[in-house]
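Visitor: One structure, as structure tokens, below. Some questions next.
The values are calculated or read from the model by the stated rules, or taken from the named source; none is laboratory data. Just so it is clear, the model here is predicted, and its values are computed rather than measured. FYI the Cβ positions are ideal-geometry reconstructions off the backbone, even for glycines, and counts take in every protein chain you see.
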Amino acid sequence: MATQNPPAKRVKREEYRRSVQAQQESNDGSLIKMPQKKFFRQRAHANPFSDHRLEYPTSPAHMDWSSHYPAFVDPDTSKTNLSGGRKLTKEVEVVDIGCGFGGLMVGLAPLLPDTLMVGMEIRTSVLEYLSSRIHALRNQQQRLKKAANQSSTEPQDASTKAESTESSPAPVPANDDEIGTEKLFPGNFENITAIRSNTMKFLPNFFGHHQLSKIFICFPDPHFKARKHKARIISESLNSEYAFVLRPGGLLYTITDVEEYHHWVLRHFLHGEQPEGGAAPAASSKDLFERVSEEELALDPCVRVMKFETEESKKVTRNKGNKYVAVFRRKADPEWPA
Amino acid sequence: MAGLHHPFQCLRYVNRQSAGQSDILVATAGRNLYSYDASSGQRLDVWPQPVDANVEDKSSDAAPASESQGPPEKRRKLSSTSEEQKDAKSESKPKDSNKETSNSWTNIPLLTVAHGKYVVIMTSEDKCVRVLGLDNEGKLQQLSARTMPKKLSALTLTPDEDNILTGDKFGDVYTFPLIPSGEYVQVQAPVKAYEPAATNLTVHTKRNLESLEQQMRQAALSKTNPAERVALNFEHRLIIGHVSLLTELISVSRPADSTVGKRSYILTADRDEHIRVSRGVPQAHVIEQFCFGHTSFVSSLCVPSFEPKVLISGGGDNYLLVWDWLQNQILQKVQLPGSEGETTVRGIWDVSLAPTTGNADSVKAIFVALEGSSQLLYYTLESDNTITRQDTLQLSGNVLELTGIDSRGSILVAVDTLRQSDSTSAWKSSSQPPLETFQLSSGKWAPVEDSMVIKINSEGTSSLPTTLEEKQRKELNDSLYNLSNLRKRAGYDE
């Protein structure tokens, strides 16, 4: 397939991506088309230990979010951060680690229209797609808004309710590239963005102590070989970092289609069964999390988005695979030992 | 002193006055660990023993003899036999003691001292943490040898000095008791058949399915012949992990103040510019703070004993940062000589001197050495917790290591005996004395004659073979000057 004529394919890709770029840069208010995923596919693995060529802020106080959330920039121009960028009216609170093509971000955006969310992805092509997609979504929402205002003075409240995402998935079930083109969504996708990063190294460069209320880790790279398990994005030592950026009461969502990985997740977040009469388990980052009950998850709309609206979850559904969900609540830090 | 001698790589002054014993200086050079009487400079012991371990009386005589003669190959062979005997007693795995019959290490880059009577070292190539007893007479006896999964970049102790803390090149921090409790039962790897984590529900492409089939076949085979599991076969705990090369690890105790009691912390630094502040054991999984401000790797952390609220950090940036580390607050940015992209901080040391006849006030000194530099920068910590440059000390060779001798109001500096000043690769034709000492008088540090240092310098350390190939020289350079490898190189990307 790819071996037959790779240069032609690559040329086509580059041409397409250049045209997407050009279209976005021309700020003339014309319709921006949704990017097509097929031109942005990339190998599903990246080495988290290598340096890549990453840009990351020196500290959370240096992070300039203003270009990512133009609708949330503080109107007071005197408020700037350490790198001179404009401050926002609120802080980023939700992170999707390894957001891929952004299905979760796009699905969550109308559910939490007033919450700033960011997807983080290490693969450049995939990130480029998502950035273009968000840009196009915002553009189309603005056009729809304008059209709605012109056609009638009545507010389009009916379509801006949270349930609206569920109401009519029928016309575009197979192609995410078209979601968000025909009607208005709450928040108009102004509350989501995507950033290239290696969160295993640089998550604390972006977010301060207890800043986040939700972290999503959806269908992480399973790193099947035992030798590669150190590269897994969930481990007791990384969980300490998630606990640092997650506020007490905040939630960390995980979903995977690999049963073994699911058990790995449970093992690294929860103390195992202790032998009767045995010593208490050694203190570890497991003390900082507790599992959220099934009943509670059934009421959480984020779980539904995670299970059915991400690209990976759709693929698993198509292949009739299993999905394993585990959500953990951040507990308060333990008291200092006396 | 003819020929080339190894420089001292680690240096530690062991104050044993409180225990009613005389002070001792311990140091590593080449593959050996030495102990010296701190008043006379008399060499008390060298480890591993260069001659047969059974002839213990001879050890002090044998050591100086070894410098004038004896090809190193032969010495190594002899010492490794004594090594083997010792190791048979230790907990090291049989596989490792076999390995030690060949040259298992060429240098000892890390050393710390516990309770004034235990020396903890890491031998380089075999990644082994060895605890040695240091007795009243300064004799060294290996008590345990524990092999780590990765080479260590930092080795220290918890504030009570009962547990060892190690930081390795994989970013992991382990803790284990200084003296193994003996209660530890070796973990028998559960004999569990290997099962591929992937299934035909999770992999779909033709190639992945093929390799899954392969794995299934492998699993069926391994059921009859379970593979031996590699584990750290001693009592240990993984307490902190960075996804980066860990460069430095220190353990700090903050005394109780009006609001909180005494608290201990672990500070770790990595190649990705981070300084992390975690709680001390057993709550090291709680991260309290990150100190952001460096734009290149961090290689040195120093929390002065006289002001534990303050941290001085340095690395690949051409500046030092002075912190209120618990608040992630930069108190001062101190420019270093040298241009961006070339300056590397090799070490930061704090030395406190009580008021003496020569110096009316107590001295809170901070010394900073740059990699491959023969100058030692002298700063003092001021009352507002900033540091002020006072002086620059010129040494006869590159500064490698420093230790303060409070009782004499002096510092002892290990200098590079092999390489020319301000070079990390050009060699000298003959060795220079490995130690220099300075004393503070009326605000200036001046070189002084110290009978201990004269004696140690006259004996030298283990000698190098007279003919060294380029490759061996490079290896020796790399073992002493490896910090510049931490610098990130532009280039690789997806």
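Visitor: Please enumerate the residues belonging to the stretch B:434-446 that are more than 22 Å from the chain's Cα centre (by Cα) and either in contact (Cβ under 8 Å) with a residue 12 or more places away in the chain or within 21 Å of B:Arg346 (Cα to Cα) (or both). Full working, then the answer.
Guide: Of the residues in the stretch B:434-446, the ones more than 22 Å from the chain's Cα centre (by Cα) are B:438-446.
Residues satisfying the conditions are B:Phe438, B:Gln439, B:Leu440, B:Ser441, B:Ser442, B:Gly443, B:Lys444, B:Trp445.
Visitor: Now a separate question. Here is a list: A:Lys307, A:Lys331, A:Lys315, A:Lys320. Which entry is over 19 Å from the mean Cα position of the chain (by Cα) and under 30 Å from B:Thr205 (Cα atoms)?
Guide: Numbers: A:Lys307 fails: over 19 Å from the mean Cα position of the chain (by Cα); A:Lys331 fails: under 30 Å from B:Thr205 (Cα atoms); A:Lys315 fails: over 19 Å from the mean Cα position of the chain (by Cα).
Testing whether each residue is over 19 Å from the mean Cα position of the chain (by Cα) and under 30 Å from B:Thr205 (Cα atoms) leaves just A:Lys320.
Visitor: Within the group B:Val399, B:Val415, which residue is over 13 Å from B:Phe367 (Cβ atoms) and of a type in the set (A, V, I, L, M, F, W, C)?
Guide: Values: B:Val399 fails: over 13 Å from B:Phe367 (Cβ atoms).
Criteria check complete, one pass: B:Val415.
Visitor: Which residues, counting only those in the stretch B:338-361, are farther than 17 Å from B:Phe297 by Cβ and surrounded by 12 or more Cβ atoms within 10 Å (Cβ to Cβ)?
Guide: Passing the criteria: B:Trp349, B:Asp350, B:Val351, B:Ser352, B:Leu353, B:Thr356, B:Gly358, B:Asn359.
Visitor: I need the full set of residues from the stretch A:32-80 which are away from every other protein chain (no Cβ under 13 Å) and polar (S, T, N, Q), in order please.
Guide: Answer for the stretch A:32-80, where residues must be away from every other protein chain (no Cβ under 13 Å) and polar (S, T, N, Q): A:Gln36, A:Ser66, A:Ser67, A:Thr77, A:Ser78, A:Thr80.
Visitor: Please enumerate the residues belonging to the stretch A:284-311 that are within 11 Å of chain B (Cβ to nearest Cβ) and either in contact with a Phe, Trp or Tyr (Cβ under 9 Å, 6 or more places away or on another chain) or crowded, with 20+ Cβ neighbours inside 10 Å (or both). Break it down stepwise before answering.
Guide: Applying the first criterion (within 11 Å of chain B (Cβ to nearest Cβ)) to the stretch A:284-311 yields A:284-289.
Of everything in the stretch A:284-311, those that are within 11 Å of chain B (Cβ to nearest Cβ) and either in contact with a Phe, Trp or Tyr (Cβ under 9 Å, 6 or more places away or on another chain) or crowded, with 20+ Cβ neighbours inside 10 Å (or both) turn out to be A:Ser284, A:Ser285, A:Lys286, A:Leu288, A:Phe289.
Visitor: Also: Looking at the stretch A:260-271, can you tell me whether even one residue there is within 13 Å of chain B (Cβ to nearest Cβ), of a type in the set (A, V, I, L, M), surrounded by 21 or more Cβ atoms within 10 Å (Cβ to Cβ) and not in a loop (DSSP other than H, G, I, E, B)?
Guide: The answer is yes; a qualifying residue exists.
Visitor: Also: Does B:Glu83 qualify as being modelled with pLDDT under 50 and either assigned to a loop (DSSP other than H, G, I, E, B) or among the acidic types (Asp, Glu) (or both)? Before you say what the answer is, go through the steps one by one.
Guide: Details: modelled with pLDDT under 50: yes; either assigned to a loop (DSSP other than H, G, I, E, B) or among the acidic types (Asp, Glu) (or both): yes.
Yes.
Visitor: List the pairs whose first member sits in the stretch A:318-337 and is within 10 Å of chain B (Cβ to nearest Cβ), whose second member is loosely packed, with under 14 Cβ neighbours inside 10 Å and β-branched (Val, Ile, Thr), and whose Cβ atoms are under 8 Å apart, counting only residues at least 6 apart or on separate chains?
Guide: Within 8 Å, the pairs are A:Trp336/B:Val260.
Visitor: Is the stretch B:253-265 home to any residue that is crowded, with 21+ Cβ neighbours inside 10 Å, assigned to a strand (DSSP E or B), within 12 Å of another protein chain (Cβ to nearest Cβ) and modelled with pLDDT of 95 or more?
Guide: Within the stretch B:253-265, the first condition is being crowded, with 21+ Cβ neighbours inside 10 Å, and the residues that meet it are B:265.
After this cut, where a residue has to be assigned to a strand (DSSP E or B) as well, the list is B:265.
If we keep only those that are within 12 Å of another protein chain (Cβ to nearest Cβ) as well, we get B:265.
When the remaining residues are screened for being modelled with pLDDT of 95 or more, the result is B:265.
The answer is yes, given that some residue of the stretch B:253-265 is crowded, with 21+ Cβ neighbours inside 10 Å, assigned to a strand (DSSP E or B), within 12 Å of another protein chain (Cβ to nearest Cβ) and modelled with pLDDT of 95 or more.
Visitor: So, one more: Within the stretch A:224-252, can you find the residues that are outside any helix (DSSP H, G or I), buried (at least 18 other Cβ atoms within 10 Å of the Cβ) and at the interface with chain B (Cβ under 9 Å from one of its Cβ atoms)?
Guide: Once the filter is applied, which keeps residues that are outside any helix (DSSP H, G or I), buried (at least 18 other Cβ atoms within 10 Å of the Cβ) and at the interface with chain B (Cβ under 9 Å from one of its Cβ atoms), the stretch A:224-252 yields A:Phe224, A:Ser235.
Visitor: Does A:Pro186 satisfy the condition of being buried (at least 18 other Cβ atoms within 10 Å of the Cβ), over 30 Å from B:Asn208 (Cα atoms) and modelled with pLDDT of 95 or more? Step through it out loud before you land on a result.
Guide: Details: buried (at least 18 other Cβ atoms within 10 Å of the Cβ): yes; over 30 Å from B:Asn208 (Cα atoms): yes; modelled with pLDDT of 95 or more: no.
Taking the combined requirement at face value, the residue does not satisfy it.
Visitor: Sticking with this structure for a sec: Name every residue in the stretch B:277-292 that is facing another protein chain (nearest Cβ under 8 Å) and either more than 30 Å from B:Arg489 (Cβ to Cβ) or part of a strand (DSSP E or B) (or both), in order of residue number. Let's see the steps before the verdict.
Guide: Step one: list which residues in the stretch B:277-292 are facing another protein chain (nearest Cβ under 8 Å), which gives B:278-279, B:282-283, B:285-287, B:289-290, B:292.
The answer is B:Ser278, B:Arg279, B:Pro282, B:Gln283, B:His285, B:Val286, B:Ile287, B:Gln289, B:Phe290.
Visitor: Next question. Restricting to the stretch B:207-221, give me the number of residues that are within 12 Å of chain A (Cβ to nearest Cβ) and among the acidic types (Asp, Glu).
Guide: Here the count works out to 0.
Visitor: Here's another thing I want to ask about it. Could you list all residues from the stretch B:266-276 that are at the interface with chain A (Cβ under 10 Å from one of its Cβ atoms) and either β-branched (Val, Ile, Thr) or assigned to a strand (DSSP E or B) (or both)? Give the derivation first.
Guide: Taking the stretch B:266-276 first, the residues at the interface with chain A (Cβ under 10 Å from one of its Cβ atoms) are B:270-274, B:276.
Once the filter is applied, which keeps residues that are at the interface with chain A (Cβ under 10 Å from one of its Cβ atoms) and either β-branched (Val, Ile, Thr) or assigned to a strand (DSSP E or B) (or both), the stretch B:266-276 yields B:Asp270, B:Arg276.
Visitor: Since A:Cys99 meets every condition but one in (1) part of a loop (DSSP other than H, G, I, E, B); (2) farther than 19 Å from A:Pro35 by Cα, which condition does it not meet?
Guide: Failing condition for A:Cys99: (2).
Visitor: In addition: Take the residues in the stretch B:447-467 that are free of Cβ contacts under 8 Å to residues at least 24 places away in the same chain and surrounded by fewer than 12 Cβ atoms within 10 Å (Cβ to Cβ); name whichever of them is nearest to B:Ser396 (Cα to Cα). Quick ask: steps written out before the conclusion?
Guide: At the first step, the residues of the stretch B:447-467 found to be free of Cβ contacts under 8 Å to residues at least 24 places away in the same chain are B:447, B:449, B:467.
From the residues that got through so far, the ones that are surrounded by fewer than 12 Cβ atoms within 10 Å (Cβ to Cβ) too are B:449, B:467.
Values: B:Glu449: 15, B:Thr467: 24 Å.
Step by step, filter the stretch B:447-467, then rank; the result is B:Glu449.
Visitor: Being in a helix (DSSP H, G or I) and of a type in the set (Ser, Thr, Tyr) is the filter; apply it to the stretch A:6-52 and report the residue that is surrounded by the most Cβ atoms within 10 Å (Cβ to Cβ).
Guide: First, pick out the residues of the stretch A:6-52 that are in a helix (DSSP H, G or I): A:6-25, A:37-39.
If we keep only those that are of a type in the set (Ser, Thr, Tyr) as well, we get A:16, A:19.
Working: A:Tyr16: 15, A:Ser19: 13.
Among those that are in a helix (DSSP H, G or I) and of a type in the set (Ser, Thr, Tyr), it is A:Tyr16.
Visitor: Just a yes or no: is a residue in the stretch B:198-206 within 12 Å of chain A (Cβ to nearest Cβ), surrounded by 13 or more Cβ atoms within 10 Å (Cβ to Cβ) and at pLDDT 80 or above?
Guide: Among the residues of the stretch B:198-206, not one is within 12 Å of chain A (Cβ to nearest Cβ), surrounded by 13 or more Cβ atoms within 10 Å (Cβ to Cβ) and at pLDDT 80 or above, which makes the answer no.
Visitor: Of the numbered conditions (1) over 30 Å from B:Thr205 (Cβ atoms); (2) of a type in the set (Gly, Ala, Ser); (3) away from chain B (no Cβ under 12 Å), A:Ala8 satisfies every one except a single condition; which is it?
Guide: (1)
Visitor: Select from the stretch A:58-93 the residues that are crowded, with 16+ Cβ neighbours inside 10 Å and part of a helix (DSSP H, G or I) and list them in ascending order.
Guide: A:Pro60, A:His62, A:Phe72
Visitor: Residue under question is A:Lys323, and the condition is that it be modelled with pLDDT under 95 and within 17 Å of A:Ile217 (Cβ to Cβ); does it hold? Spell out the reasoning first.
Guide: Details: modelled with pLDDT under 95: yes; within 17 Å of A:Ile217 (Cβ to Cβ): yes.
Considered against the rule, which asks whether it is modelled with pLDDT under 95 and within 17 Å of A:Ile217 (Cβ to Cβ), A:Lys323 comes out as yes.
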